[in-house]
Amino acid sequence: MIQNKEQITQIIMHPFAECLCAIGQDWYHIQFEIAFTPVNCYPDYMDVAAYISKNISGKELNIEAAVNMLGTMLKTTYNPAALTVKGIVDKVVTHFPVEVIKEY
């Protein structure tokens, strides 16, 4: 957690993960797009990457669950003024590209 001394008004993050879809049983690439409006602090990007690596990447999750997990962690840990987490699945064999968005 980093103090927002610079008074940054919005941060856009683009992490990614590889997951096994719990429904289709196919590996997929999920590209996240996170719009984070900080108040007093903002995330250490290495902490966000570590969370994704430990809790999302390589796990059996559908895109909705992955988006929800990441968003919930960011909201509860950093308490932003606004937060939107988008997950984009574009490299999967069993279906077409999908975007899932959750706003907090």
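Just so it is clear, none of the values below were taken in a lab; they were calculated from the coordinates. Computed from a prediction, not measured in an experiment: that's the story for all the values here. Don't worry about glycine lacking a Cβ; one is built from the backbone with ideal geometry, like all the others, and counts go over all protein chains shown.
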Legend entry - Structure-derived Rg/Rh (Cα atoms, Kirkwood Rh) - corresponding label in (i) 1.91; (ii) 1.35; (iii) 1.00: (iii)
Inset, instruction - Scan segment 30-104 for GluC sites (Glu not before Pro) in coil per DSSP, keeping those whose Cβ has at most 16 other Cβ atoms within 10 Å, and list them by number. - result: none
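Using the Cα centre of segment 2-103 as the reference point, and only Cβ charges (+1 on K/R, -1 on D/E), how large is the resulting charge dipole? Debye, rounded to the nearest 20. Kindly include the intermediate steps, with their values, before the conclusion.
On the way: 7 positive and 11 negative charges, 39 e Å.
Magnitude of the dipole: close to 180 debye.
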Legend entry - Phi-based couplings in Hz for segment 9-15 (Karplus 6.51, -1.76, 1.60; Gly and Pro marked x): 9, 7, 10, 10, 10, 10, x
Legend entry - On Cα atoms only, tilt of 63-78 relative to the major axis of the chain in degrees: 20
Legend entry - Length released on extending from GLU99 to GLU18, taking residue separation times 0.36 nm less the Cα-Cα span: 27.6 nm
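If I take every Cα pair under 8 Å that is 6 or more residues apart in the chain, average their sequence separation and divide by the length, what percent do I get for the relative contact order?
Working: 212 pairs, mean separation 32.5, N = 104.
About 31 percent, as a whole number.
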Legend entry - Among VAL67, VAL85, VAL39: highest mean-square fluctuation, GNM of the chain, C-alpha pairs under 10 Å: VAL39
Legend entry - Candidate aspartates and glutamates for bridging to LYS102, where Cα separation is under 12 Å - those fewer than 8 sequence places away on the same chain excluded: GLU33, GLU64
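How do MET73, MET46 rank when sorted from fewest to most other Cβ atoms within 10 Å of their own Cβ? Display every interim value, and only then the final one.
Values: MET73 18, MET46 8.
By the 10 Å Cβ count, ascending, the order reads MET46, MET73.
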